[in-house]
Structure formats: structure tokens, C-alpha cells
Amino acid sequence: MTQNKAIEPFMQIGYLVSNLDEAVHAWFEESGVGPWQIYRNLDMAGNHRGQDIDIVINAAFAYSEALRSS
């Protein structure tokens, strides 16, 4: 089987969750992913369907050995 060069190994995964604290806790408890850096009330500017928007988000980032590049 030939590897498709257009599909490189991924280094990041993102999830949209309804409860950040529960998601971080579940990832740590069930998969051992962590430690986490949690950022709250990040003010972000963007564009949605041609309209400029400002949103406030909460985000959490963690490193997992499974995604480490070789």
C-alpha cells in the first residue's frame, strides 16, 4: 500500500465540547493526557459568513506522547 503524500501524519487534534472542565477531566482520567494549560475568556476576532465577529472562548491544550513526531 502506497502512502498518500497529501495526507501527512497529524500533529494536532481539536474537539468542540460543551463543558471544558468535564472534558479535560475525562481526557486525563481515561487516557492519561495532560498536564493541561487552560485559557479562559480569550477574546477572538473572526469572520463568519462574510460578517466580522468577536467571540470569547475557553480553550485547553495538552501534549500527548502518542502524537509526538518521529
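When the residues of region 33-63 are filtered to those that are small (Gly, Ala, Ser) and on the phi > 0 side of the Ramachandran plot, which remaining residue is modelled with the lowest pLDDT?
The extreme case among them is 34.
What pairs come up if the first residue lies in region 15-41 and is within 12 Å of residue 63 (Cα to Cα), the second is part of a loop (DSSP other than H, G, I, E, B), and their beta carbons are under 7 Å apart, counting only those six or more places apart or on different chains?
Partner pairs satisfying both residue conditions: 27/33; 28/34; 33/64.
Consider residue 66 carefully, then state whether it is at pLDDT below 80, outside any loop (DSSP other than H, G, I, E, B), of a type in the set (A, V, I, L, M, F, W, C) and surrounded by fewer than 10 Cβ atoms within 10 Å (Cβ to Cβ).
yes
The values are calculated or read from the model by the stated rules, or taken from the named source; none is laboratory data. Since the structure is predicted, the reported quantities are computational estimates derived from the model, not experimental observations. Reconstructed Cβ throughout: ideal geometry from the backbone, glycine too, with neighbour counts over all protein chains shown.
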